[in-house]
1. Taking V330 as the residue in question, decide whether it is at pLDDT 95 or above, surrounded by 14 or more Cβ atoms within 10 Å (Cβ to Cβ), within 17 Å of E267 (Cβ to Cβ) and away from the ligand (no atom under 16 Å from the Cβ).
2. Please return the ranges of helices (runs of 4 or more DSSP H) entirely within the stretch 232-319 where 2 or more residues are within 23 Å of M95 (Cα to Cα) and within 19 Å of the chain's Cα centre (by Cα).
3. Go through the residues of the stretch 101-108 one by one and say whether even a single one is over 21 Å from E194 (Cβ atoms), more than 16 Å from the ligand (Cβ to nearest atom), among the polar types (S, T, N, Q) and in contact with a strand residue (DSSP E or B) (Cβ under 8 Å, 6 or more places away or on another chain).
4. Out of the residues in the stretch 146-173 meeting the condition of being assigned to a loop (DSSP other than H, G, I, E, B) and either more than 16 Å from the ligand (Cβ to nearest atom) or loosely packed, with under 15 Cβ neighbours inside 10 Å (or both), tell me which one is nearest to the chain's Cα centre (by Cα).
5. From the list K284, K265, K296, which residue is closer than 15 Å to L410 by Cβ, touching a strand residue (DSSP E or B) at 6+ places or on another chain (Cβ under 8 Å) and of a type in the set (K, R)?
6. Looking at the stretch 174-184, which of its residues are touching a strand residue (DSSP E or B) at 6+ places or on another chain (Cβ under 8 Å) and either hydroxyl-bearing (S, T, Y) or assigned to a helix (DSSP H, G or I) (or both)?
7. Any chance you could count how many residues in the stretch 72-100 are aliphatic (A, V, I, L, M) and closer than 20 Å to D273 by Cα?
8. Looking at (1) out of contact with any helix residue (DSSP H, G or I) (no Cβ under 6 Å at 6 or more places or on another chain); (2) within 16 Å of the ligand (Cβ to nearest atom); (3) in a helix (DSSP H, G or I); (4) closer than 25 Å to A280 by Cβ, which is the only condition A371 fails?
Amino acid sequence: MELIRIDTSKTSGTLKPGEIESLAGEALEANALLHSRKGAGNDFLGWVNLPWEITESTIAEINRVAAGLREKAEIIVVIGIGGSYLGAKAVLEAMTDSFTLLRSKPVTPVVVFAGQNISEDYIHELVTALEDRSFALISISKSGTTTEPAIAFRILKSEIEKRYGKEEAASRIVAITDSSRGALKKLATDEGYETFVIPDDVGGRYSVLTPVGLLPMAAAGLDIAAFVKGAQDMATATAEGVPFEQNPAAVYAAVRNALYRKGFKIEILASYDPKLLYIAEWWKQLYGESEGKDGKGIFPASVTLTADLHSMGQYIQEGERTLFETVISVGKPKHTVKIEREETDLDGLNYIAGKRISEVNRMAEIGVAIAHVDGGVPNIRIELPEINEYYIGALLYFFEKGCGISGYMLGVNPFDQPGVEAYKKNMFALLNKPGFEKESEEIRKRL
Ligand code: PA5
């Protein structure tokens, strides 16, 4: 079975024949470096073999805890930010009914997120929305010290304890954190929360195949075994020793580096299904944090089409020519909706009567690709047969592997994020956090 196909033929107006293949050696070397664990950031390569290391008993344990939460709660609040949030959010958005809350019988539990911002109104609205619903919390932080989720957890912990009492509240809270360090770990031990560990050698943005991603998915009722199987099959398809042209992650890394070296500095991830919007958000974190350093890196942007053709379409077609586009093309939708014939045809749509909406979407996709290529925007196409747990698992691992290879080809350490600390230092200085007295004095002079 072909998992995910990558089509680079629409970069041929920009890249000469053989130009992608000329980077095959570099890409395969980078892939081998990931597997040998001899490259930069090698203490964070636990994600490479993760799909093969997830045992049936781990999946059963995650499903057991998820079932407990599902039984107790109509709403499950997942608290986390960055890599401790985006993977689960991406898969849930892709997989769950977009209008569940409008249904007379919403599919419960509904999984919502907190701790990914410091908006007072967001947390207030969430707390008040929980007032007449049963709820549970999954608190995720690898470091256990990140400010945004820590604030959300402090508020929601107080709410859940007020509602259920300390003992019952503790049975409704699951912590996912480091095995030994951090405030969340200490709190979980002191309060007796059910706890899952984020492996030391897996960084946040590569953690979707740990309980960080798997528990929220299972809590929402998704088939995590199928998700892991998809990732496993993609891990096999992109393993060390797979020839270049058969390894979609190596091809993807090669084509984007070939374009980058020609001045194409911005990659737009496009999809024609709004369900994939958060896959793009997850992808942006993965590639942005992994590659954007040392004054280098492709800037990852995203659009959801056709909606954004009515906003960003003009720029993509005719703006500065530093863009290339990577389209996630979904093979078939889950449902069938046809356009009906109308006697009066006032809207002039009878010429497409009888067609499925997806046929119109497909023609938009093909037409846009040709228009953008004609406008000087090279186009890479990633074909995803359908949106289900298996293929999403494969897609996310494909992007992880492509990112590791691409980062090494770019010559950076794809597994650190030193730049993320700069804002934190200033924020702590401005908030007079103990230990930041000197920074506090300095930053105040600049206000
Ligand atoms: O990719 C990363 O490492 C970051 O985005 C982290 O996931 C994010 O900062 C959250 O960190 P933590 O899980 O320690 O709260």
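1. no
2. Qualifying helices (runs of 4 or more DSSP H): 277-291.
3. no
4. Per the stated criteria, the residue is R172.
5. K265
6. T177, S179, L184
7. The total comes to 7.
8. Looking at each condition in turn, A371 falls short on (2).
The values are calculated or read from the model by the stated rules, or taken from the named source; none is laboratory data. Given the structure is predicted, the values throughout are model-derived calculations rather than measurements. Methodologically, a virtual Cβ is constructed for each residue, glycine included, from the backbone with ideal geometry; neighbour enumeration extends over all protein chains shown.
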